[in-house]
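Novice: Provided herewith is a single structure, encoded as structure tokens, for subsequent inquiry.
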Amino acid sequence: MKTWFRAILLFYWATGSLAMAQQGTLAGIAVKPENILFVGNKSISSQDLIAIFRGAGTVTAQLSPEKLDTYDSHRINHSLNMILTFYHNRGFIKAAVSPPEIDFAASNPVGRAQVTLRITENNSYRLGEIRTNGAQVLSPALLASLLNLQARAPVNLSKITTGALAIQEAYLALGYLDFDVKTRVETRDDKRVADVVLDITEGKQYRLGKVEMIGNSPIKDALVREFLPFQSGDIFGKKAFEACLQFLNELGTTPILTASDVTFSYNRSQALVDVAINLEGKSKK
């Protein structure tokens, strides 16, 4: 008769994701797909969840085929995060996964470990309203369009995060370098509807101050300045500066310049950015 004992791995919530408690780490154990069990999942099949659990991070980690069924603390933690993300992107924004229960035979653990994961799905929420606080430059309608969310569709937390990045890019292009946006989801449980709220801090709009050319170039400094699509007093937008750097390279300054060849000095009280461009390429020396 084989003896069994149960090891419960403790996890805790930290910065929105699961992290392994520092009470010892789990070394590599072999877990066959048929020994990965899910309990409480109603909306997503166990087969799909097993596929996510096994596949999470295997490509980036470059795991060999013989290692696909071997797990350590980091891999289990990553797999649980991916399962939660899968739920959160299908409207189950309050879904939770309990600490995994790992059973294995003390006499012969290789290939005999069994992992049980208990899922609490809770309700699936559909998108209600999109509300904004603090926005003056861009209209609520434009901000909502940048989120790219579909009305009444299941709330997708990854799309909200990606949309917030698109909003940030739009503000940076307009010179709002101190811009900040925070997103939150407020649920209306009686209707299974969730509203997305954007809390926006726009800050000041920055403009270009001085432009300094450092080093020698085959083209005279005055001529380069005359043709630069980026002049003092212009809005300091990220895209505009990237276009300026591209122009210098097309103009024939040598060597090819990259962002590492540029130094920025910020004057936040006057909302100005001074730029120094090393025409000889400081990163090449």
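Coordinate-derived values only; no laboratory data. Everything numeric here is computed off the predicted structure, so don't read it as measured data. With ideal geometry, Cβ positions are generated from the backbone for all residues, glycine too; neighbour counts draw on all protein chains shown.
Novice: Would you work out which of Asn267, Ala151, Val97 lies farthest towards the positive end of the dipole of the chain, given +1 charges on the beta-carbon of Lys and Arg and -1 on that of Asp and Glu, about the Cα centre?
Specialist: In the chain, that residue is Val97.
Novice: For segment 225-285 and segment 66-105, what is the separation of their C-alpha centers, rounded to whole Å?
Specialist: 46
Novice: On a 0 to 90 degree scale, rounded to 10, what angle separates helix 238-251 from the longest Cα axis of the chain?
Specialist: Here the helix axis deviates by roughly 60 degrees.
Novice: List every residue whose amide H lies under 5 Å from the amide H of Leu37, counting only residues 5 or more places away in sequence or on a different chain, with H placed 1.01 Å from N in the peptide plane.
Specialist: Val115, Thr116, Leu117
Novice: Between Thr120 and Lys220, what is the label-point separation in nm under the 7 Å Cα-to-beta-carbon projection?
Specialist: 7.5
Novice: Something else: Can you give the net charge of the other residues whose Cβ lies under 10 Å from the Cβ of Glu121, counting K and R as +1 and D and E as -1?
Specialist: Working: positive: Lys42, Arg90, Lys94; negative: none.
The answer is +3.
Novice: Right, here's the next one. If I take every Cα pair under 8 Å that is 6 or more residues apart in segment 207-284, average their sequence separation and divide by the length, what percent do I get for the relative contact order?
Specialist: Details: 117 pairs, mean separation 34.1, N = 78.
In percent, rounded to a whole number, it is 44.
Novice: Dipole of the chain (Lys/Arg Cβ +1, Asp/Glu Cβ -1, origin at the Cα centre): which of Ile50, Ala141, Tyr171 lies farthest to the positive side?
Specialist: Positive-end residue among those listed: Ile50.
Novice: Separate question: Expressed as an acute angle from 0 to 90° and rounded to the nearest 10, what is the orientation of the C-alpha long axis of helix 73-88 relative to the principal long axis of the chain?
Specialist: Value to nearest ten degrees: 80.
Novice: In nm, to one decimal, how far is the modelled label at Ala30 from the one at Glu101, with both set 7 Å along Cα→Cβ?
Specialist: Result: 2.5 nm between the two label points.
Novice: Please list the non-local residues whose amide H lies under 5 Å from the amide H of Glu212, H modeled 1.01 Å from N, same-chain partners needing a gap of 5 or more.
Specialist: When sequence neighbours closer than 5 places are left aside, the close amide H contacts are Val275, Ala276, Ile277.
Novice: Further, regarding this structure: I'd like the projected area of segment 126-201, averaged over all directions, using the convex hull of its alpha carbons. Report it in nm² with one decimal.
Specialist: Over every viewing direction, the Cα hull of segment 126-201 projects on average to 4.5 nm².
Novice: Using θ = phi - 60° and the Karplus form 6.51 cos²θ - 1.76 cosθ + 1.60, what ³J(HN,Hα) does each residue of segment 133-147 get, whole Hz, x for Gly and Pro?
Specialist: Calculated HN-Hα couplings, in order: 10, x, 7, 10, 6, 9, 6, x, 5, 5, 4, 5, 5, 5, 5 Hz.
Novice: Starting from the Cα of Val197, step 7 Å along the direction of its Cβ; do the same at Ala141; then give the gap between the two resulting points in nm.
Specialist: Result for the modelled spin labels: 2.5 nm.
Novice: Rounded to the nearest 500, what is the chain's calculated 222 nm mean residue ellipticity when only DSSP H runs of at least 4 contribute -39500 (n - 2.57) each, over all residues?
Specialist: -8000 deg cm²/dmol
Novice: Treating the chain as a set of equal point scatterers at the Cα positions, no solvent, please give the Debye-formula log₁₀ I(q)/I(0) at q = 0.15, 0.17 Å⁻¹.
Specialist: Taken in order of the listed q values, log10 I(q)/I(0) reads -1.05, -1.19.
Novice: Would you mind calculating the gained length between Leu251 and Glu186 on full extension (0.36 nm times residue separation, minus the Cα-Cα distance), in nm to one decimal?
Specialist: 18.2 nm
Novice: About its Cα centre, how strong a charge dipole does the chain have in debye, to the nearest 20, once Lys and Arg get +1 and Asp and Glu get -1 at the Cβ?
Specialist: Values: 31 positive and 27 negative charges, 128 e Å.
For this selection, approximately 620 debye.
Novice: Full extension from Gln231 to Glu280: what is 0.36 nm times the residue separation minus their Cα-Cα distance, to one decimal in nm?
Specialist: 15.6 nm
Novice: Can you give the local net charge around Ile277? Use residues other than it whose beta-carbon is closer than 9 angstrom to its beta-carbon, Lys and Arg +1, Asp and Glu -1.
Specialist: -2
Novice: Pairs Lys204/Lys239; Lys210/Lys238; Lys94/Lys159; Lys210/Lys239: which exceed 20 Å Cα-Cα?
Specialist: Pairs exceeding the cut-off: none.
Novice: Here is a follow-up. With angles folded into 0 to 90 degrees, how steeply does helix 46-55 sit against the dominant principal axis of the chain? Use alpha carbons for both and round to 10.
Specialist: The helix 46-55 is inclined about 50 degrees to the chain.
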